[in-house]
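Each remark here refers to the structure printed beneath this line.
The values are calculated or read from the model by the stated rules, or taken from the named source; none is laboratory data. Everything numeric here is computed off the predicted structure, so don't read it as measured data. Here Cβ is always computed from backbone atoms with ideal geometry, including for glycine, and neighbour counts include all displayed protein chains.
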Amino acid sequence: MAMRPPASSSSFRWQKPRPLHRRLPPLLLLLVSAASFLLALAFARAAAAGLLRHANSFGRRCSPEGYVGEEAEAAAAQQQRRRPRIAMVSFSDEAEGGGRLRSFRGVGEAVAGNKRSYAGGMGYRYVDARKLVDPGRPPSWSKILAVQSLLPRYDWVFWNDADTMVMNPSISLESILHAAIGHMDFDKAPDLVVTEDTNGVNAGVFFVRRSKWSERFLQIWWNETSFIQFGSTKSGDNDALKHLIYGLSEEELQAHVAISPMQCLFNSYPWIPTLKSVLRLLASPKATWNGVYSDGDFLLHLAGVDDKRKWVANLIEEMHTVWPMKEK
Ligand SMILES: *[C@@H]1O[C@H](CO)[C@@H](O)[C@H](O)[C@H]1NC(C)=O
């Protein structure tokens, strides 16, 4: 049937077709926008995760050139007058703290095996200081007691939280200290060697040198009782450490504390593509880049990760393919 103009053409006005977005019901429009946004976000997250995981292939360096690696290890071994005595200390199980979601239960043994085998291979002592935990505080605080208990017998004590794993056992602790301090004269070294993440100094992994300054510093740290927190993922020991370090005078900081310019020298965090991580990446891209775990890094720290047990199982699997290690 042919279209006929309406009888009264004056009452008819031709209208331009409305643009698509005007014709779609607002709810549908909202859904389409949300879907595109989520798709873009998912793409950005996957791309970021891939990029960050391979930071070292994209030219990131966790230590100054020539400090870490096989040639550097050999040179360092020659240069050392006396090999420092180093103890690696941790608690193999922190199941009492951190609540259900962040539970370490079942992680302890796997992680302890990883560290024991690394320490054994390198000639360090690995100590599980679980028995030293003071029940009067969240367990994380007792890392101070653990370090104090070993300091009299070792040149350096290397504390590492239970949710950390050595991912590249070819890197020695001496070479890490060398890179962080800039020389091998450990008698003239700073007393505390730490890393910073996007929140500041991290108390999960650090080196302490045997000295009067260290003894006193550990005592003062333990005495910062006002920072103790119960019933939270935070226990307060890290905040106390930050308070102390950032409260030091410029001279004291220079003389006694070395903060590695690169977090990934010995304390890399996995980048998990959550919205929070994306936002943090956008807010502090440089700090994230310096600290993100990439293949080849020395140590992985599951800081703030919820399902640690699953992570550790996957990592151990992965390590066996990348760095075949003798089982004890
Ligand atoms: C830490 O506290 C104890 C007990 O209150 C005290 O005896 C000690 O002198 C304090 N140490 C430092 C270095 O402040």
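Mind checking whether some residue in segment 226-234 is more than 16 Å from the ligand (Cβ to nearest atom), closer than 25 Å to CYS62 by Cβ, not aromatic (Phe, Trp, Tyr) and not in a helix (DSSP H, G or I)?
Within segment 226-234, the first condition is being more than 16 Å from the ligand (Cβ to nearest atom), and the residues that meet it are 229-234.
With the extra rule that they be closer than 25 Å to CYS62 by Cβ, the set shrinks to none.
Checked segment 226-234: no residue is more than 16 Å from the ligand (Cβ to nearest atom), closer than 25 Å to CYS62 by Cβ, not aromatic (Phe, Trp, Tyr) and not in a helix (DSSP H, G or I).
Do we find a residue being in contact with a Gly (Cβ under 7 Å, 6 or more places away or on another chain) and under 30 Å from ASN168 (Cα atoms) anywhere in segment 218-235?
So the first thing to find is which residues in segment 218-235 are in contact with a Gly (Cβ under 7 Å, 6 or more places away or on another chain), and the list is 227-229, 233, 235.
With the extra rule that they be under 30 Å from ASN168 (Cα atoms), the set shrinks to 233, 235.
Yes, segment 218-235 has at least one match.
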Out of TRP221, TRP213, sole residue that is under 22 Å from the mean Cα position of the chain (by Cα), assigned to a helix (DSSP H, G or I) and within 16 Å of the ligand (Cβ to nearest atom): TRP221
Some residue of segment 272-291 being out of contact with any Pro (no Cβ under 7 Å at 6 or more places or on another chain) and more than 19 Å from ALA48 (Cβ to Cβ): no
Within segment 186-196, tally of residues that are part of a strand (DSSP E or B) and buried (at least 21 other Cβ atoms within 10 Å of the Cβ): 3
Members of segment 229-274 that are modelled with pLDDT of 95 or more, over 18 Å from ASN202 (Cβ atoms) and of a type outside the set (S, T, N, Q): GLU250, GLU251, GLU252, ALA255
Qualifying position, being within 16 Å of the ligand (Cβ to nearest atom), of a type outside the set (Ser, Thr, Tyr) and part of a helix (DSSP H, G or I), among LEU244, LEU177: LEU244
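For segment 247-273, name all the residues that are part of a helix (DSSP H, G or I), under 25 Å from LEU218 (Cβ atoms) and touching a strand residue (DSSP E or B) at 6+ places or on another chain (Cβ under 8 Å).
Matches in segment 247-273: HIS256, GLN263.
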